[in-house]
Every structure is written in C-alpha cells, then in structure tokens.
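For reference, the structure is listed below as structure tokens.
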Amino acid sequence: MKQFGPIAFMLLLPFGFHGLQVAQGSATAEQTSTPATEAAALAAFRAQLATIRHNEVTPPPHSPVVLQSSGVDAWLAGPGQKKLPAGVSQVRLWSGPGMIHGSALVDFDQVHKAHPNSNPLVEAMLESLFTGVHQVGATARVDSPSAPKAQLTITQVTLDGQAIPSGLIDAAIAAFVTPHHPDIRRTFQVSLPRHVRQVEVRHNQVVLQY
C-alpha cells in the first residue's frame, strides 16, 4: 500500500514505529469501539485511500479527503499490523489543531534484536537506557502544512507517561529511526500525495486539501 506511506508518517510520527505515533492522556478521550464500528472505520479508510490514489492520476479539482484517526487505528489493528516493526504493537493515534499524537506498546529488547545499532558503544548505551516493555508516546507539531512537503517537529516523547529529556529523544531518533529512514530527524518533511495543496490537522482528523 505505497500511497499509505506519506499518510502514515503524518499520523504515526516516525519514532521508529510505522507509525510513531504517549499513553492516552486526559486531553484525549478514548472512544469506545466494537467490531462493527472498527469494520466500518476500516472500510471507510480503505475507500479514502482509493480516493487518494484516484486523485493522484486525475487532474484537479478534487474534493477534500478527510482521514479519521479511528480509520487509521482500525487499519493498524488489522491489515496494517504486519507493517509494524518487530516489538511494536497497540498503536493508537489522535490529533488536535496542528498537533499529532501517537502511542504504542514497545518491547525494546525485540527492537534491539531486530535492528541493532552498527556502533557497539551506542548499542550498549541504548540497551542500558531502553530495555523491557514500555508504553511509548510522541507528539509532533505541524510547522508547515503546504505541498510539496509538509514539515513537522517532534516536540515530546514519553516513556510510561514520563517525558524523555530532549537529548535522549535525539539519541533515540538517531538510533531507531534514522538508520531506516535517513531523512527523518527531530524536524522532518513528509511528501504529500500528488495534487494535494496542503493538509489541515484537526481534532482526530487530517484533511487533505486539493
């Protein structure tokens, strides 16, 4: 699902988790879901992806496409689960105006085993700092929403609800993200689908404006 790539980065925060992506806090009301509502959200999300693909190969004008966080969550809990890195599960997403949030359960021992750092000293340091199973969260600010590339900055990362110092965030991104996604740094850019002029991040929605 090639077209999902840019949207995944926009919504999942590339803290190494396709998706990344913070325990659900008081600012986020967790929605009650059932198999029926999850199936409906997944069907709607797949239809939206088909619309994005169609819009890429047809000239504008096009109507805005509204992606719901519930649809992305349903995709990640179903067919998208196999695209998550080893050791990453239970990815959840939500957003507010200009901000994107994500959470995941991360088994750092599996992550280290699947993606060891080429520098043994760095690997030893990371293993001492990041080990075991933890709830990891991240928040990113949308700095520039316009095509051809939106720009985001990761503003916060938490481990079991506790904020990680800024220096450790940079070290974690360098260790877990950059080796696999060289263009990703603390501030990074995301290529938007063809013909999209800009994105608008709302409460639990990302709107693609054509």
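The values are calculated or read from the model by the stated rules, or taken from the named source; none is laboratory data. Just so we're clear, the structure is a prediction, and the values are computed from it rather than from any experiment. Cβ sites come from the backbone with ideal geometry, for glycine too, and all protein chains shown count toward neighbours.
Inspect all residues belonging to region 89-97 and state whether any of them is surrounded by fewer than 17 Cβ atoms within 10 Å (Cβ to Cβ), in contact with a His (Cβ under 8 Å, 6 or more places away or on another chain) and farther than 20 Å from residue 68 by Cα. No; the residues of region 89-97 include none that is surrounded by fewer than 17 Cβ atoms within 10 Å (Cβ to Cβ), in contact with a His (Cβ under 8 Å, 6 or more places away or on another chain) and farther than 20 Å from residue 68 by Cα.
Are any residues in region 158-188 part of a loop (DSSP other than H, G, I, E, B), modelled with pLDDT of 85 or more and more than 16 Å from residue 135 (Cβ to Cβ), and if so, which ones?
Pass one, region 158-188, residues part of a loop (DSSP other than H, G, I, E, B): 160-161, 164-165, 178-186.
Still in the running and modelled with pLDDT of 85 or more: 160-161, 164-165, 186.
Hits for region 158-188 are 165, 186.
Residues of region 75-97 that are out of contact with any Phe, Trp or Tyr (no Cβ under 6 Å at 6 or more places or on another chain) and either assigned to a strand (DSSP E or B) or at pLDDT 90 or above (or both): 89, 90, 91, 92, 93, 94, 95, 96, 97.
Against the conditions (1) part of a loop (DSSP other than H, G, I, E, B); (2) modelled with pLDDT of 90 or more; (3) among the β-branched types (Val, Ile, Thr), residue 51 satisfies every one except (1).
Looking at region 111-131, can you tell me whether even one residue there is modelled with pLDDT of 85 or more and over 21 Å from residue 75 (Cβ atoms)? Working first, answer last.
The first filter runs over region 111-131 and keeps only residues modelled with pLDDT of 85 or more, leaving none.
Looking through region 111-131, none of the residues is modelled with pLDDT of 85 or more and over 21 Å from residue 75 (Cβ atoms).
Using the structure shown, decide if residue 114 is over 28 Å from residue 192 (Cα atoms), surrounded by fewer than 17 Cβ atoms within 10 Å (Cβ to Cβ) and touching a Pro at 6+ places or on another chain (Cβ under 8 Å). Please lay out each step first, then the result.
Working: over 28 Å from residue 192 (Cα atoms): yes; surrounded by fewer than 17 Cβ atoms within 10 Å (Cβ to Cβ): yes; touching a Pro at 6+ places or on another chain (Cβ under 8 Å): yes.
Spelling it out, residue 114 is indeed over 28 Å from residue 192 (Cα atoms), surrounded by fewer than 17 Cβ atoms within 10 Å (Cβ to Cβ) and touching a Pro at 6+ places or on another chain (Cβ under 8 Å).
Just a yes or no: is a residue in region 120-132 surrounded by 16 or more Cβ atoms within 10 Å (Cβ to Cβ) and out of contact with any helix residue (DSSP H, G or I) (no Cβ under 7 Å at 6 or more places or on another chain)? Within region 120-132 (the criterion being surrounded by 16 or more Cβ atoms within 10 Å (Cβ to Cβ) and out of contact with any helix residue (DSSP H, G or I) (no Cβ under 7 Å at 6 or more places or on another chain)), the answer is no, since none of the residues qualifies. Per this entry, residue 157 is not counted among residues that are under 17 Å from residue 67 (Cα atoms), surrounded by 15 or more Cβ atoms within 10 Å (Cβ to Cβ) and hydrophobic (A, V, I, L, M, F, W, C).
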